[in-house]
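To start, the structure itself, in structure tokens.
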Amino acid sequence: MRILGIDPGTGILGFGVVEFATGKKPKMVTAGVVKTPAHTPLHERLIEIYDGLKEIVTETSPDEVSIEKLFFAQNITTAISVSHARGVAMLVSAQAGLPIFEYTPLQIKQTLTGYGRADKKQVQEMVKLHLGLKQIPKPDDAADALAAAITHDLMSKV
């Protein structure tokens, strides 16, 4: 089972693909970010996100997609633009015929660390441990996307 995790964002969208095989340690296939230039019109940024994710899906052939849910409302402008990026990620996934699963940051933290209020560093450390990596994946958005993929694998076994 290959899971594509996505940490949505308009400026930086994190992605991480993890291979899960029965009886074996999960293996990171790839991770990174799709960056869009600041001060670029939103529709152009969304096209870049679409094209980037479509290429990732084509190259990595995931079986399922795990997307972090939007879970803040302090800055409504940011929330709206992140929602657009989530929509594009869902569109790319749906067009590829991939099942989509969504998890809140609280669910991801709780699943990986056992504590829903864990900080970013704790989650990143658990990503490193789960995947048997020597270093925490960088940038943070890629590590968050890997956390979403790992969360889906663990939650699907419950």
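Exposed loop trypsin sites (Lys or Arg not before Pro) only (DSSP loop, at most 11 other Cβ atoms within 10 Å): please give the longest stretch of the chain free of them, not including the sites. Before the final figure, lay out the partial values.
Numbers: sites that count: 24, 117, 134, 157.
Formally, the longest exposed-site-free interval is 25-116.
With charges set only on the Cβ (+1 for Lys and Arg, -1 for Asp and Glu), what does the dipole of the range 25-158 come to about its Cα centre, in debye to the nearest 20?
The calculation lands at about 500 debye.
Under 5 Å between amide H atoms, partner at least 5 residues away or on a different chain: which partners does residue 9 have, H built in plane at 1.01 Å?
14
Taking the alpha-carbon distance from residue 138 and a cut-off under 26 Å, which lysines remain once sequence neighbours fewer than 8 residues away in the same chain are dropped?
Result set, ordered by chain and number: 24, 25, 27, 35, 54, 69, 109, 120, 121, 128.
Helices from the chain with mean Kyte-Doolittle at least 0.5 and a Cα length along the axis of 18 Å or more, per DSSP H: which?
Result, helices passing both filters: 76-95.
What does the net charge come to around residue 135 if you take all other residues with beta carbon closer than 14 Å to its beta carbon, with K and R at +1 and D and E at -1?
Net charge around residue 135: +2.
Enter the Cα centre distance for the pair the range 79-158 and the range 1-34, rounded to the nearest angstrom.
What the calculation gives is 8 Å, centre to centre.
Compute the longest continuous run of the chain that contains no exposed chymotrypsin sites (Phe, Trp or Tyr not before Pro); treat a site as exposed when its DSSP state is not H, G, I, E or B and it has at most 16 other Cβ atoms within 10 Å.
1-70
Tell me, what is the FRET efficiency for residue 76 and residue 44 to the nearest 0.05, using R0 = 25 angstrom and their Cβ-Cβ distance as r?
So the FRET efficiency works out to roughly 0.70.
No value in this document is a laboratory result; all are computed from the given coordinates. For clarity, every value in this text was computed on a predicted model and none was experimentally measured. Here Cβ is always computed from backbone atoms with ideal geometry, including for glycine, and neighbour counts include all displayed protein chains.
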